[in-house]
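Please read the structure below before turning to the comments.
Each value in this text was obtained by applying a stated rule to the coordinates, not by laboratory testing. Given the structure is predicted, the values throughout are model-derived calculations rather than measurements. Ideal geometry is used to build each Cβ from the backbone, glycine not excepted, and the neighbour counts take in all protein chains shown.
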Amino acid sequence: MSSYNRIEKFKHSKNPSDIVALKEYILFTDDRAEEKCAMFKFYNTLNQPLSFIKFEVRQLDGNGEVLESSTVVYDHCNAEANGYFVPSAKLKLSYKCVRLAVKLEEAYFDRVKWIKGEFEDNSYKFENYASSAASPAAVREEVRAAVKANEKKAERVKKKKRVVFSSESVARKNFAVFPAVWRVIICILVIAFTIASAIIFKQQSSVIYIDGYDLRVSGETAAICGYDGGEDKVTVPKRVGKYTVTKLADGAFKGTRVKEVVITVSDDVRYVIEGGAFENCSALEYISSVGEGTVTVLGDAFKSCPSLTRISLPNAQLNSLSLRGCEKLRTLEFDRLIDERKTLADLFGASAEKISLTRMTFAPNSVPTDFFKDVKVESVVILNLNFMEGDGWDNGLEESEITIGGRG
Amino acid sequence: MTIIAWRILCIVSAVLFVAGMIALACLRILKNKYYHAFEEDELFKREKQTNSRNAIYFTSGETKNYIRKYVLCKTTYDSYLVCNYTKKFQGITYFVVEYSARKKVIAARKITESNTSDTSKVIALSRKCAYVNVLIGEADGVVINTDVIRPLSITRIRLYALITNVLVFLGLFVARHVVLEVIGMQTMKPYLTSYFNYIAVGASFLLCLIGYFITVKAFRRKNVKALNGGALEYEFV
């Protein structure tokens, strides 16, 4: 173990633009033991960590003569990019050495090698860096403290100085955070609202959609309140899904382009055609029913159906004004009027005088006087054999136009 | 509206959404625009070494008063740049704009160096870099160029804001419809004709409209910040 009584620091200014430049070196001299060693301080100018350095050291005497020349290798430097580093290991020198001249020979970086002025690529190799530097040569505690003090001082000087060299990318990405956050918020809010409202609607609403029909369900029965199929001829089934159809509600076929509707009525069902069920069906020409169940047609059920020419609802009971707006009706078949005190004109309302039926078939128990007043009917068929002929019931009709229960 | 109509609207929205996304990607509205176009510098000489090819160029324009020439060193996988200063500077800042072989900008770097020697430090460049333009920024307190990248124009900001928010609206329309299809067919059509649905569509539209103004405001504020080096407000004494 030596004790160094003399410590000299030298600045090295030759080759400052070397890829790894020697900035300073310190000579530790033990005059009593005639020993000398050196520590180096380098600066890595490249933007890559440095792992290996090899340089030639020429030891010069007081006259500048070369005493000795040696090659020094520091392996596992772990030096940072664009920064100073001080290899821990010291170089032993000749006692007579006064100064040093250093020439860089090789330097290995993360992705490149620099060998005697030339760059080589070693990007296929990735050096593994030890977390700590190689173990230094044994020095006395005071020398170690002196070295540490020097390093701290160098760091303070470095901090005081501005950054010697910096290279930063200025090609910015034009991106604003808040608008992106806002868009995410919108998406979350809207989707969440949609899911929540759909679930609430599903629980609270009694309207469902099956096979093109909007159904308002009540237990096991349903009323058709909408239709969005594009067919001309529609056969309304007696069951849609698991529900028995008992009603054509207001707006069931409103505004549709259907031409022909066949209603299938279950035998034990009282079917209702509400007012407005066929409102504004401008293309509707024919409506009929099959099945034994009774059908009740309420007022304005066929409101504004200008093309309706045939109604065949043999089990239907018609209410007043149920045929209002059906001015082109030619064939009418139904059971009877709900209120048998009403006349035929009451079915058609104000436009009764425009009506001209070629054939009318129904099965009333009786009809009031002047039942056929204001409505032209060419042929009447009364199916009820027990029909009671009241006074003047057939006013406006020729006897040959009437058929009762198969008899003329 | 019938369910068919809603589905048609959904399909149209999906198509428009995809087309809009492609258009947005292709237009690259927010792409950086540079003050300086590529200038081919005068080649001084080329040298081929064992493992690298070096080319020395003279700078041009105002830069040549501060940086005389530079050498591009290309190895198999890397490129490096070293500049030769006209003199030693206390502090110098310059911009290195890197171009590909097709003379498209691939990177822009800002180099700051103090207490320089006659040459710069070795500057690592992108692997794809084939050419560079060196543009002086500041030298010993004299400011020549403050930036190489133009701030975004208001037209581009507005266009970007409009397209992105329209795309969000269309995307939400499609997403909502898909969610409804998944939740259940039987209640879907009645839901679509209920006020819930119209509220959702209206709310999407309104939120996207607000998003448009937010986007324009945010980008304009960002522009101002970039131009002022981070300071949005300053006091006049």
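Points worth noting:
- J(HN,Hα) series, region A:281-293, from Karplus relation 6.51 cos²θ - 1.76 cosθ + 1.60, nearest Hz, glycine and proline x: 7, 5, 9, 5, 10, 8, 9, 8, 9, 10, x, 8, x
- With respect to chain B, whose longest principal axis is taken over its alpha-carbon atoms, helix B:154-183 is tilted by about 40°.
- Whole-Hz ³J(HN,Hα) from phi, Karplus 6.51 cos²θ - 1.76 cosθ + 1.60, for region A:225-236, glycine and proline x: 10, x, 8, 10, x, x, 7, 7, 10, 10, 10, 6
- Whole-number percent relative contact order across chain B, with pairs defined as alpha carbons under 8 Å at least 6 apart: 19
- Taking the charge dipole of the protein assembly as shown about its Cα centre, with +1 at Lys and Arg Cβ atoms and -1 at Asp and Glu Cβ atoms, the residue from A:Ile185, A:Ala33, A:Gly212 reaching farthest to the positive side is A:Ala33.
- Across peptide B:157-167, the average count of Cβ atoms from other chains found within 10 Å of a residue's Cβ is 1.
- Amide proton proximity set for A:Glu285, modelled H, under 5 Å, gap of 5+: A:Glu260
- Dipole of the protein assembly as shown [Lys/Arg +1, Asp/Glu -1 at C-beta], most positive-end residue of A:Phe278, A:Trp114, A:Phe302: A:Trp114
- Phi-based couplings in Hz for region A:26-37 (Karplus 6.51, -1.76, 1.60; Gly and Pro marked x): 10, 9, 9, 10, 10, 5, 6, 8, 6, 10, 8, 9
- Over 21 Å between alpha carbons, listed pairs B:Lys64/B:Lys222; A:Lys23/A:Lys103; B:Lys48/B:Lys87; B:Lys121/B:Lys222: B:Lys64/B:Lys222; B:Lys48/B:Lys87; B:Lys121/B:Lys222
- Among the trypsin sites (Lys or Arg not before Pro) in region A:183-260, those located in a DSSP loop and surrounded by at most 14 other Cβ atoms within 10 Å of their own Cβ are A:Lys242, A:Arg257.
- For B:Lys69, the residues whose amide H sits under 5 Å from its own are B:Thr59, B:Asn84, ignoring neighbours fewer than 5 places away on the same chain, with H placed 1.01 Å from N.
- Acute angle (nearest 10 degrees) that the helix B:3-27 long axis makes with the longest principal axis of chain B, alpha-carbon atoms: 0
- Shielding by partners, peptide A:277-287 (average Cβ within 10 angstrom, other chains): 0
- In a reduced charge model with +1 at each Lys and Arg Cβ and -1 at each Asp and Glu Cβ, the protein assembly as shown shows a dipole moment near 4880 debye about its Cα centre.
- Inter-label distance, B:Ile8 to A:Phe52: 7.4 nm, where each label sits 7 Å from its Cα along the C-beta direction.
- Note on chain A: Rg/Rh from Cα positions, Kirkwood definition for Rh, rounded to two decimals, is 1.75.
- Cα convex hull, region B:127-197: 224 Å³ per residue, rounded to a whole number.
- Amide H partners (placed H, <5 Å) of A:Leu357, local residues excluded: A:Lys376, A:Val377, A:Glu378
- Acute angle (nearest 10 degrees) that the helix A:141-160 long axis makes with the longest principal axis of chain A, alpha-carbon atoms: 50
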